[in-house]
Every structure is written in structure tokens, then in C-alpha cells.
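Asks: Attaching a single structure in C-alpha cells format; questions to follow.
The values are calculated or read from the model by the stated rules, or taken from the named source; none is laboratory data. Remember, it's a predicted structure, so these values are computed and weren't measured experimentally. Cβ: placed from backbone, ideal geometry, glycine included. Neighbour counts: every protein chain shown.
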Amino acid sequence: MPKRILVILGHPDPASFCAALASAYIDGAGAAGHEVRSIRLGELTFDPILHEGYRRIQELEPDLRAAQDDVAWAEHLVFVYPTWWGAMPALLKGFFDRAFLPGFAFKYRADSPFWDRLLAGRSARLLVTMDTPPWYYRWVYRMPGHHQMKRTILEFSGIKPVRIRNFGSVRGSSDRQRQAWLAAAQRYGQTAA
């Protein structure tokens, strides 16, 4: 059954390997009949800094309002980004800070430590590149960026399941390996996984 898929490229460089992975996923999803929209965060105009926290919500720029509309439309979200310093790039974190706001992604309950997950009913796939060998990232660093994305952002907002696919070590990888990774991203798109 076709799904509504939103692919969000969190790498600021449109010529990056992440951009190629996003394109491969989009190609696979489109060929399988899924309805696909995409956002390239590096092309949006917005201030990534939440200047006053939640004390006063900043007015959203038009690009962020459009991005929120796309997130609300989607049944499946795909985030494609590199791991830098153990986690996502600042651009992607700034996007979450500014767009996944109270009243959109979640809602605190009065006189309660609990919250409502306003983006429930959606699933997500993370396609994450890294120069660190994935086994080292998992067993030595304990995957801090993956936990942040999966648990404290997406699942906090009600998005689940969240599936993660690492691609690495990209640095020093062969063209053959990169082609295999692009083929894997295309397969994920075909199955909307």
C-alpha cells in the first residue's frame, strides 16, 4: 500500500554522500508508487537558534511553516544525515529546536510530568553516515546521536518505530562499497522502510 513519505536531508552540502543516499531513497520510493516529498535543510531560510527556549516561541519563518505542513502530511519520515562529533549536524538540531515545538510535536499536560505525543501514528527511518566504524560507534561511544534522535526527539514526539541504518566508515570507502550503500537506500525506499 502506498505511503506518504517525507525525506529530510540534514547535511548542508547538496553534493554530499548523504544527498546521494537521500536521492536513492526517493528514487526507490517513487518507483514503488509511494508519494514522496523532500526537504533539503541546507536550502531553507531559518534561524536555527531557539533564542528564548519555550518561554516565548519565535515566529516561524515561511520555510519552517512549510516543513511543519510536510511533517504533518507524512506517514513515514526519513532523516538522512552525517554523524559529526557523535551526533547530528547543528543544522538538523536547529531544525528540531525550531520546528518540533510544543503544540506541534508534543504538548505538556497541566500539573503532570507527562506529555501528549502529537506526531503519533508516524514511523521513521534514519540513514546515518559516519567516518567512525559503526561497531566502534555502537560499543565504545554507545551511540549517543542515535539515542538522541530515536528516544529523546522522535519517540518523545510519538514517532515509532524508528529504524536506523548506519553507513560507514565512509572515509576511505571504495566506490563499490558506496554503490552498495546507495542500492540499500533505494531498497529501503521501495519498501517504505
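Asks: Output the residues belonging to the range 79-103 that are touching a Ser or Thr at 6+ places or on another chain (Cβ under 9 Å) and more than 16 Å from Phe46 (Cα to Cα).
Replies: Correct list: Val80, Tyr81, Pro82, Thr83, Gly86.
Asks: Consider the range 1-16. How many of its residues are under 17 Å from Gly168 (Cα atoms) and touching a Ser or Thr at 6+ places or on another chain (Cβ under 6 Å)?
Replies: Within the range 1-16, residues that are under 17 Å from Gly168 (Cα atoms) and touching a Ser or Thr at 6+ places or on another chain (Cβ under 6 Å) number 0.
Asks: Restricting attention to the range 87-109, does a residue exist that is surrounded by fewer than 21 Cβ atoms within 10 Å (Cβ to Cβ), in a loop (DSSP other than H, G, I, E, B), at pLDDT 95 or above and basic (Lys, Arg)?
Replies: yes
Asks: Filter the range 51-69 for residues that are touching a Leu at 6+ places or on another chain (Cβ under 9 Å), more than 18 Å from His11 (Cβ to Cβ) and of a type outside the set (S, T, N, Q) and give the result. If you could, list the steps in order and put the result at the bottom.
Replies: Step one: list which residues in the range 51-69 are touching a Leu at 6+ places or on another chain (Cβ under 9 Å), which gives 54, 57-58, 60-61, 63-64, 66-68.
From what's left, more than 18 Å from His11 (Cβ to Cβ): 54, 57-58, 60-61, 64, 66, 68.
The answer is Tyr54, Ile57, Leu60, Glu61, Leu64, Ala66.
Asks: Something else now. Confirm whether Ile26 is surrounded by 13 or more Cβ atoms within 10 Å (Cβ to Cβ), closer than 25 Å to Pro134 by Cβ and not basic (Lys, Arg). Don't jump to the end; show me each part of the working.
Replies: Numbers: surrounded by 13 or more Cβ atoms within 10 Å (Cβ to Cβ): yes; closer than 25 Å to Pro134 by Cβ: yes; not basic (Lys, Arg): yes.
So Ile26 passes the test.
Asks: Filter the range 49-75 down to the residues that are among the aliphatic types (A, V, I, L, M) and part of a helix (DSSP H, G or I), then identify the one that is farthest from Pro2 (Cα to Cα).
Replies: Leu64
Asks: Could you check Ser38 against (1) surrounded by fewer than 18 Cβ atoms within 10 Å (Cβ to Cβ); (2) out of contact with any Asp or Glu (no Cβ under 9 Å at 6 or more places or on another chain); (3) closer than 17 Å to Gly189 by Cα; (4) not hydrophobic (A, V, I, L, M, F, W, C) and say which number it fails?
Replies: Unmet condition: (2).
Asks: Look at the range 117-143 and say how many of its residues are surrounded by 15 or more Cβ atoms within 10 Å (Cβ to Cβ) and outside any loop (DSSP other than H, G, I, E, B).
Replies: Qualifying residue count, the range 117-143: 11.
Asks: With the structure loaded, tell me whether Asp63 is free of Cβ contacts under 8 Å to residues at least 24 places away in the same chain and either among the acidic types (Asp, Glu) or surrounded by 15 or more Cβ atoms within 10 Å (Cβ to Cβ) (or both) or whether it fails that test.
Replies: yes
Asks: Right, Ile153: assigned to a loop (DSSP other than H, G, I, E, B) and either basic (Lys, Arg) or at pLDDT 95 or above (or both) or not? Don't jump to the end; show me each part of the working.
Replies: Numbers: assigned to a loop (DSSP other than H, G, I, E, B): no; either basic (Lys, Arg) or at pLDDT 95 or above (or both): yes.
So Ile153 fails the test.
Asks: A follow-up question, please. Under 8 Å between Cβ atoms, at least 6 apart or on separate chains: pull out the pairs that start in the range 69-96 with a residue that is over 25 Å from Gln190 (Cα atoms) and end on any residue that is surrounded by fewer than 17 Cβ atoms within 10 Å (Cβ to Cβ) and among the hydroxyl-bearing types (Ser, Thr, Tyr).
Replies: Gly86/Tyr141
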